[in-house]
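Every read-out reported here was derived from the displayed coordinates using simple, explicitly stated rules and does not represent laboratory data. Quantities reported herein were computed from a predicted structural model and do not represent experimental measurements. Cβ placement follows ideal geometry from the backbone for every residue including glycine, while neighbour counts extend to all protein chains displayed.
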Amino acid sequence: MARTPKVKLKPADALIDAAFLLASREGWQNITMEEIGLEANLKLAGVLSEFPTKNKLLDAFSRKIDCAVLARVTFDIGEDTPRDRLFELIMCRFDVLTHYKKGLYAVFIGSCSDPISVYLSFNRMLTSSRLILEAAGINSVGCKGEITARVLALIYANALKVWLNDETPDLASTMVALDRGLMRAEYIMTLANIREKDKYL
């Protein structure tokens, strides 16, 4: 019986897979770019030409997940509520992240005590949140858009923390946390809009 040939990954994808595999085994804070390269069968010079640091690798990983989510989910704006669209997009993101869950948990644990890593992680979440808002047909520009993106990033961060520890088959705990976060944000934004309109009455 003929064997199906393995698909050769691009160096960047091979390094990302290797990094999350090693992180799940050794801990994110304990692995080096050289070790990631060895796992991906790449020399250090080739590794550094792709990603000079682990944070740059995480930047690329975040963009990869963003693209995968946006390729999967499309909406006919008007069929669902904005909250429903945001819920579907974020749950799709968790579905895409499933393959990396153990490694991502290690990254979360290894980074939470490093203020710079926390700052960079939130910036990645903020970038992803802007894209999610755009995909959901919600304004993400200007002062109001920036506030909305930051609120969504916090909601996503909280849901991510729950998801990393959620072992239920249907991700019930994750869905509850995400739905509550979106519901509260929707309520706050509604109140803000009402107060803004009252200024001009």
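The angle between the Cα long axis of helix 172-198 and the main principal axis of the chain comes to about 40°, on a 0 to 90 degree scale. Here the spin labels are modelled as points 7 Å beyond Cα on the Cα-Cβ line, and at T74 and N139 they lie 2.6 nm apart. This ranking places M125, M183, M91 by how few other beta-carbon atoms lie within 10 Å of each, fewest first, which gives M183, M91, M125.
For the range 137-151, the Karplus equation 6.51 cos²θ - 1.76 cosθ + 1.60, evaluated at θ = phi - 60°, returns couplings of x, 10, 4, 10, 10, x, 4, 5, x, 5, 4, 4, 5, 5, 5 Hz by residue, with Gly and Pro reported as x.
With only the Cα atoms considered, the chain has a convex hull volume of 164 Å³ per residue.
Converting phi to 3J(HN,Hα) with the Karplus coefficients 6.51, -1.76 and 1.60 and the offset θ = phi - 60°, the range 67-76 yields 5, 5, 5, 5, 6, 7, 10, 9, 10, 8 Hz in sequence order, with x at every glycine or proline. What the phi angles of the range 79-95 give under the Karplus curve with 6.51, -1.76 and 1.60, with θ = phi - 60°, is a coupling list of 6, 10, 6, x, 5, 5, 5, 5, 4, 5, 5, 6, 5, 5, 4, 5, 4 Hz, glycine and proline written as x. Taking a threshold of 20 Å on the Cα-Cα distance, which of the pairs K64/K144; K43/K101; K64/K101; K8/K43 fall above it? Pairs exceeding 20 Å: K64/K144; K43/K101.
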